[in-house]
Each structure stands twice: as C-alpha cells, then as structure tokens.
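One structure below.
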Amino acid sequence: MSTQERAGTVPLEYIEHPEQWHLPSRGYVAMSSLIVAESAIFTIFVVAYLYYLGRDVSGPTPRQVLDVPIFNTVCLLSSSFFIYLAEHAIGHGRMGAFKLWWAVTFVLGLIFLIGTGVEWHTLIVHDHLTIATNLFGTTFYSLVGLHASHVVIGLLMLLITLILALTGKLNATHSERVKVLALYWHFVDAVWVVVFTVVYLVGR
Amino acid sequence: MATPSVPIPNRVEGAIDQTPPQRFAGTYLEKVHDWVVTVDHKKIGIMYICYALLFLLVGGVEALMIRTQLFFPNNHFVSPFVFDRLFTMHGTTMVFLVGMPILFGFGNYLVPLMIGARDMAFPRLNAFSFWISAFAGLMLYFSFIGGNGLAGTGTAPDIAWFAYQPLGERAFSPGHSTDYWALALIANGIGSIGTAINILATVFCMRCKGMTLFRMPLLPWLYAAVSGMVLVAISPLTACQAMLVIDRYLGGHFFDTQAGGSAILWAHFFWIFGHPEVYILVLPAFAFANEIIPVFSRKAIFGYPAMVAATVGIAFISLGVWAHHMFTIGMTSFGNAFFTLSTMLVAIPTGIKVFNWLATIWGGRVRFETPMLFSIGFLFQFVVAGLTGIMLSVSPWNWQLHNSYFVVAHFHYVLVGAIVFMIFAAIYYWYPKMTGRMLDEKLGKWHFWLMLIGFHLTFDVMHVPGVLGMPRQIYTYEADRGWAVWNQIISLGGFIQAIAIAILVYNLVHSYFKGKEAGPDPWDAWTLEWATHSPPPAYNFPVDPVVASRRPLWDMKHPEDPDSAFE
C-alpha cells in the first residue's frame, strides 16, 4: 500500500465532535485548589492546638474561660444556606431575590464576626488571656484568629459583590463568578465546624 | 516555519504561524517597562529562570566559600559566625530562590505552549506570583545589610535551612535575621501557591481541542502533580513560619520550650513540608527527562500510562515519609518501622520511571547532543542517589549516619546530580525556543564534561568523610581525624563545577547574540511548542491548534503514519 493510499485510509479525524469539547471552569478549579491549600494550613494549626491541649505551665485553661458560642455558630452555618439561595436566585436570573439573600448572608457573617470580637474582648479584659499568656492563649487566638481573618476576607468580598449588585453592575451573566465566591464562603463555614468541634467541644 | 517540508493534515495547519516574527521596537526604558508590567507567561517564565540563575551564582559562591573554609583543617578563611550564615543562606537560596523559581519558570513557559493555550489561566495572578517571589528573594538578601545594619550584630540568618526551634526564638536569635528568613519564606510561599493554583487551572481548563488528559504531553502532567503537592506541602511551611512570627513578634509560645512549647512539633511541621519539597523539585526534572529523552532517542516515550501513574504515586507516597528526617529524634519503634517502609515504597514508582526511560532509549537512534548527555548523566546519578536514599531510610543505618556528610552527599546527589543536571538539559533543549538561537554545542560539551567530573569528584567522595564520622555544618575539624584529604578532593571538585557553570554563563550570553539561528523546530521534536516561532509571538498560536495524539507534530510530519491511528 503506498503512502498516499494509507494516508487516505488512516482516520485523520482529530476529534469526533469539536462542539462537545468541554473543560471545567477555571474559577472552580482555582478556588478548589486554594481551598486545598487553605485546608492544609488549617490542619497544621488544628494539630498544634490539639497537641498543646493541657500542656500549659500556667493558667487559665479552656474550661475556665471558654463559653460555647452557640448563637454565633448558628448564624455562621445558616449563612451557608442563605448564600445557597442567593446562588440559586442569580442562576435563574432573579436579581431581587439574589440581593436579599446575599445581604442576609453578609449580615449573618457580620454577626458572627462581632460575636467573636465580643468573646475576645471578654477573654482579654475580664480573663486576662492574651496570645502571650500561655500555650492555650497562643494556640486559641492563632486558630480562631486564622478563621476569623478568613471571615473578614469573605465579608469584604461579599460586601463588594453586594455593592456591585445594588448599583446594578452585577447581573445573571456573572452567576458563575458569584458561585466561585460562594464556594469560598462555604469553605469558611465548613472550617468553622472543625474549629468549633476542636476548640469548644473536644478542647474544653 | 514558513514552508513545512511535509504536507500538513487539514486541522493542524492553524498551529503554524505564517506571519514573520516581529521584534519589539522601542527605547531601552520602554523595553524594561514592557518586562515589568508584562502578564505574558513566556516573559514571566524567562524572568523566573533569569532570577533563579542569578541566585544560582550567589548560592554557588556561598558553597565555594564553605568549601574553601573546609579545605584545610583548622582553617580560618571565614569566622564560625559567617560560616553558619553561609550554609543557612546556601541551603535557603538553593531550595527557595533557585530550585522553585527555575522549575516554575520552565513550567510557566512550557505548560501553556505544550497544551496549545495562549496564556496561563490567570495571567495577572501569574505576574503577582513572580513579583512576590522576587520580593521574597530580595528581602532575604537584604538581611545582609538590613536588620541591625551594616555596623550592627544581626545580619544574615544563621539557623540552618530547617531552623530547628527553639534556636529561632527571640531568646536565642536576637536581632532581625530570623525575621527576614521567616517573612521571606512566607512571601515566597504565597508566590508558590499562586503559581501552583495557576498551573492546575491551566492544565485542567485551557487545553486545546482534542487534547484529552491522556493525550497531554507528560510535562504538563508532572507539573499538575507538582502543583498539587505545592498546595499541600508549602501551606504547612507557611503555617509554621506564621507560628514562628507569632512567637517572635506577639510573644506566643508555639516553640517556646520554657512555656511548654515543643521543639519536636517544629521538626514535624517543617519536614511535612520538607520532604515533599524534594519531590516538588525532582518531579519537574523528571518532566524534562520525559520530553528530552524520547526526542533524542527518536522514539515515543515508553509506558506513558505507567509514567503518569508513577508520578501520581510518588506525589501521594511522598506526603507520608517526612519523619525519616527525624529517626534520631527518638520515635516509637512503630514510627521507625512505618517511616522506613513508606520511604522504601517511593523506590517502586521511581524505579518504574527509570526503567521506562531506559526502555525509551533502548533500540533508539540516540543523538548525543548536550541535552541528551545531561539526561544520561541524570539517569545514572539519580539511580545512585536513590540507592543511598534507600540506605538512609533504614532507621538503624540512619542512626549511624544521621547529620553526617553521608546525608549531605546523598541529598546533593539528588539536588545536583539529578535536578541541576536536568535543569541544564532543559536549558540546552529549550533555549533555542526561548531566544531563537542555539546554544554553542562545543561549549555545551565542555560544560557537560567539566560538570560531570566536578560533580563526581565532589559528591562521590563526600560519602567517605560521612562514613568516617564527619558531621555536617561543622565550621572546621582537627588535622588528626584523617578527613583533610577527602575535603580537599571535595573542594577541588567544587571549583571544577564552578568553571563549568562559568562556561554555561558565557555560553548563555554569547549565544544570545552570536548563536546559530534555531528556527522553530531545531530538534525535530513532537510537542506543540515546536509548532510556533522561536521565540513564540505573544499570542503563541495564531489559531487554536487541534490535536489527535500525544505527538501532534509527529502526525503533522508523518501523515502517512500518524500516532493518532494507534492511540
């Protein structure tokens, strides 16, 4: 068989159906990657917290000063539900509902942050526990503070999105970007489940 | 490639740019501005590589100073304090300012070209990652003159690259040298994680039509694995540096042993980063070998699926071996056995890789040009490095040789013998693509042979004083220990390597102006980066390419016998 003939018989179809060439959204892949990296950072701080439990050479201990922040936790975890409603709304082009649920999410996150602030204020002023007091202080403020800093970043981005939505610069075509941002917020909530369990349930 | 010598199947044609390459016209200042503000993955990649080569020279000078100090027993070439700073900065520089950036540089340059994309997934994040890494390097080196100042006491960090605590705590490390170290590594880590996210998003979301994951060249595959490892390995480093900074600035007690803090926890955290880091550095070297060895053997890579599987296997296993750095810290016998076995397990996927490379060369029409010479050096040396690695993974053997020059010899065999050799191969292989000119082959051969001789003089011999009991990081030694002659041979080899590097630097500069024109495809290679101009235009490909096999350019050059018919 000559070269020419063979070339004719070899299927040079480069792809069966080019229109079916779908790749995942880079926003999702990147945010998922970031979440993996962040999870590794949180893991190290959680391990340090658990490893140092009860190894303090001076007080106060977690049992003496910590109260379980149930209201805060309910606020933060329920915000995941409301941001899901917001995602659903923008996915279906209902911008009014989106703004409402997005604002509710922001407010719930803000309540959580204020709650953490009040808790820290009591700990520092009333219980005299600072990051330099003992191992518990060091690990507690680092771990809860690391989570709180993620809440702050999340709230800033929620706020920017809210302002863009209220000024009419955001519409249903941006729903994928909004969902990527919501993924980060879900992560912040999921981490709180771990931090809450470790600090307030296991560690107390 | 204005007129390709072979007929092009209809759809690959778009990959060939018919427009002539255009040179950037403008004043010198405009050119600098263009490079500083660029978000082009190729320019950022070249900046990464140049930045790394610059620090390679700096770290190399530090190594030469260490070797000069150890040339004679009881030598006083530098003071003990300067010696501590030298080996700390040598290690930190070579890992974070040379190894990581040069590998990210090649990744940045090659991954989008190889998968037929026009840029990385996030070009601006890419520029941010580079500049924050560059800032980290400058900050680390600013410690030489900053901190407590030229006249003050605190200069460069002197706590070794693994910085065992509590020596880095405020009480034992006053001044700001450790702060520079910790903050520089945090900044560098942010850059690394940014690039890793970018590479993952690029590999998964930017592939050209027809390039399924299993038609992707192995280099993007390995870079995806490396990026995944960066996410889970560099993050613990960032976390434990943050803890160190909390200790130093806010009075925390993470590693403050007086207040119950643990020195061992630092060792765990550091090596949870530190051992995967070795694989983060070596996998890109494997990636270069996966591209270079087939092209110079004139055969497709042997065992592509096995290579992918072995890569992913290495990535997973490497996350569970860290405590083999800590056998002498005193672990339970279960711990010792676990980490001995998990470390030995790494030998299986790496062995698969070595046999696949050998099988690729086997029966091929091998062309012994400089990239291939370095690749063969890599293959041989990597096997030896792996064998000493197996020896050190056995905990009783490790107790005997831990922190001796045997360990130094082992990891330099990996870092220099495998990684640096493959980086040189990659430079010779892709320099024509990046600059449009060939590196001088004669100088390249000189570079290779001098490097090979120097390497073996230094690092083969370095095992001996280790077995004789010479500990690492010592400032000097007594004449009656019998280590002097070995150290002199080691230092001699170091100076020969320095000459080899000088030849490379001359070659890089000389060939940029006087080198032979390369053309788009000087090696008759098969992956997409060779389908476009050398250097490629900013948009890479005028039309998005469509591929049907792992070797699209082979299909294009051999339409009568395309890979796509067999895969």
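Just so you know, all these numbers are worked out from the coordinates, no wet-lab data involved. Because the structure is predicted, anything quoted here is derived from the model rather than measured. Backbone-built Cβ (ideal geometry, glycine too); neighbour counts: all protein chains shown.
Values computed for the structure shown
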| item | result |
| --- | --- |
| With Cα atoms, 0 to 90° folded angle of helix A:95-125 axis to chain A main axis | 30 |
| Stokes-Einstein diffusion coefficient of the protein assembly as shown, Kirkwood radius over Cα pairs, 4 °C, 1.567 mPa s, in µm²/s | 46 |
| Zero-based 5 Å bins, Cα pair distances in the stretch B:258-331, whole percents | 3, 13, 18, 16, 13, 10, 9, 7, 5, 3, 1, 1, 0 |
| Descending semi-axes in Å of the stretch B:494-558, equivalent ellipsoid built from Cα gyration tensor | 33, 15, 11 |
| Average other protein chain Cβ within 10 Å of Cβ, residues B:546-553 | 2 |
| When the stretch B:278-370 is reduced to its Cα atoms, the Kirkwood hydrodynamic radius in Å | 14.8 |
| Rg and Dmax of the stretch A:54-169, Cα atoms only, in Å | 17.9, 58 |
| Potential lengthening between residue B:480 and residue B:380 on full extension [0.36 nm per residue; Cα-Cα distance subtracted] | 32.5 nm |
| Helix B:100-114 vs. chain B, principal-axis angle (Cα, 0 to 90°, nearest 10) | 20 |
| For the stretch B:198-252 and the stretch A:90-146, distance of Cα centres in Å | 28 |
| Cut-off 15 Å, label 7 Å out along Cα→Cβ of residue B:449, residues of the stretch B:371-388 by amide N | B:373-374 |
| All-pairs Cα distance distribution in the stretch B:39-109, expressed in whole percent, bin size 5 Å | 4, 18, 21, 17, 12, 10, 8, 5, 3, 1, 0 |
| Degrees, to the nearest 10: A:135-166 long Cα axis against longest axis of chain A | 50 |
| Per-residue Cβ neighbour rank within 10 angstrom, fewest leading, B:369, A:176, B:291 | A:176, B:369, B:291 |
| Rg and Dmax [Cα atoms of chain B; Å; Rg one decimal, Dmax integer] | 23.8, 76 |
| Protection proxy ranking of B:429-440, A:182-193 - average other beta-carbon atoms within 10 Å, highest first | B:429-440, A:182-193 |
| Peptide A:48-55 - average C-beta neighbours from other chains (10 Å radius) | 3 |
| Peptides B:227-233, B:332-338 ordered by average Cβ neighbours within 10 Å, highest first | B:227-233, B:332-338 |
| Along each principal axis, Cα extent of the stretch B:85-243, largest first, Å | 61, 25, 22 |
| Shielding by partners, peptide B:246-254 (average Cβ within 10 angstrom, other chains) | 6 |
| Cα convex hull of the stretch B:50-177, projected area averaged across orientations, nm² | 9.9 |
| Placed amide H near residue B:404: partners under 5 Å, 5+ positions off or other chain | B:472 |
